[in-house]
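The values are calculated or read from the model by the stated rules, or taken from the named source; none is laboratory data. All figures in this text were calculated on a predicted structure; none of them were measured in a lab. Every residue, glycine among them, receives a Cβ derived from its backbone with ideal geometry; neighbour counts consider all protein chains shown. Ligands, DNA and RNA are stripped out before the accessible areas are found, and what is left, the full protein with its side chains, is counted by its heavy atoms. Shrake-Rupley method; radii C 1.70, N 1.55, O 1.52, S 1.80 Å.
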Amino acid sequence: MDGIGARALPDPSVKETIATFFARDMTDGEEIFVGTNLPELRAAALLAHLHHGPNMRVMMAHTRTNLVHTPVIEHFELLTDWRAARWAEAYYTDHDIVTYQKSRRDSVFFVGALQVDPFGNSNLIGLRGEGRRFRMRGPGAIATTTNSSHVARFYLYVNEHSPRVFVPRCDFVSTFGWGSGGADARRRLGLPGGGPRYCVTPLAVLDFEPQSKRLRVRSVHPGVTVEDVVQATGFPLVIPNYVPTTELPTEEELQILRSRVDPGGLLRR
């Protein structure tokens, strides 16, 4: 943008940086499914759509829609909020969404997790206690098991980076990542989808080493060191010789986020 310096707006928050990272990995024409309506993931899909993806279709709050000409896109707390229907080109039930995704190979999906293991397998079911009891129940697999098996790729996103989240072995597996490792782990099971591409946390962006499919540090967020990430992870990570800092949003991207996508400042709280 002309005239004003690159940091004329207040510095971006970590959540704004995460949303921008996701948005830059999405391309025009893709279908983006934001099943949870989490602020960071919602912002990522909308930023991509408004910044460089005018032909994208975004599924939020059970609607499928194009929002390029919508000045401000109101945030709703609940995925099922009926007011989002005013944007909709189509309004889906859960069954419709799963059936539709099976027919598409350009869809992108997000998966949360209570636990993530070294190969990107994840757990939303719960944490195992003594005997057959749970010590904590999660939300359940919801649609993640089916959807992540068919989409072109999916992203793991967690709100906490600690040894209790990043564990050597998940108590349960609700979403299959790369199994026990290997570039052909998903093909051996006949899974048509592309698998997890990145795992993004409040500390870093992790990707998967191409041959072993072990989690690898791709970048660390501003103010975070590689050692911080290593200490917060319950298993050894692949560490490249050089690990950059996660790239910040541009002024244009921040302007879209703050004026059209997140005017209430959820990503800055």
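Side notes on the structure shown:
- Odd one out for Q255 among (1) modelled with pLDDT under 95; (2) open to solvent by 20 Å² or more (accessible area, probe 1.4 Å); (3) not acidic (D, E): (1)
- Taking the stretch 36-69 as the range and being among the β-branched types (V, I, T) and without any contact (Cβ under 8 Å) to a residue 60 or more places away in the chain as the test, the residues that pass are V58, T63, T65, V68.
- Filter result (touching a residue at least 40 places away in the same chain (Cβ under 8 Å) and either over 21 Å from the mean Cα position of the chain (by Cα) or within 15 Å of R218 (Cβ to Cβ) (or both)) within the stretch 240-262: T246, E247, E251, E252, Q255, S259
- Residue match in the stretch 175-187 (condition: among the β-branched types (V, I, T), out of contact with any Asp or Glu (no Cβ under 6 Å at 6 or more places or on another chain) and without any contact (Cβ under 8 Å) to a residue 24 or more places away in the chain): no
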